[in-house]
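Comments concern the structure below.
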Amino acid sequence: MRIIISSILATFCFSQIALAGTTYVCTSGDMERKIEVVYLGEGTVPCEVRYTKNGNAEVLWSAQAEEGYCEAKASEFVEKQRGWGWECVESTEGVSEPSSSDVPEVSDIPEGQPIE
């Protein structure tokens with residue numbers, strides 16, 4: 001049982017690290033758009049290009065095996081935004097690991113306790 005809990009916690013921790021990617025923030029007046037490259041696994045694929053407009057996010061492109069695809073699509077879309085008069089700034093988000101207080105220790109979970 002403790003092995004299963006350890007595996008679940010390790011997966012949770014990894015998923016928090018794997019999401020770091022490139023983010024572009026585009027502004028025009030008081031409007032803001034966000035274009036993000038999100039990595040869904042260990043490497044740069046699988047990935048998604050997510051576009052956030054008026055608080056609504058959608059996936060514009062995704063790739064399962066072609067490295068560089070999401071980055072190229074995001075860059076092309078940023079150039080389109082600039083062509084439409086938007087000012088876009090690139091920022092590479094740092095990899096942020098969850099703090100130790102966010103993840104319970106295996107010893108903190110009583111044996112036989114269901115995980116919710």
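Note down the magnitude of the dipole of segment 36-75 about its Cα centre, charges +1 on Lys and Arg C-beta and -1 on Asp and Glu C-beta and zero elsewhere, to the nearest 20 debye.
Computed about the Cα centre, the dipole is about 220 debye.
By the scheme Lys and Arg +1, Asp and Glu -1, what is the net charge of all other residues having a beta-carbon under 14 Å from that of Glu58?
On the way: positive: Arg33, Lys34, Arg50, Lys53, Lys73; negative: Glu36, Glu48.
Value of the local net charge: +3.
None of the figures in this text is laboratory data; all of them are computed from the coordinates on show. Keep in mind that what you see is a predicted model, and the values were worked out from it rather than measured. FYI the Cβ positions are ideal-geometry reconstructions off the backbone, even for glycines, and counts take in every protein chain you see.
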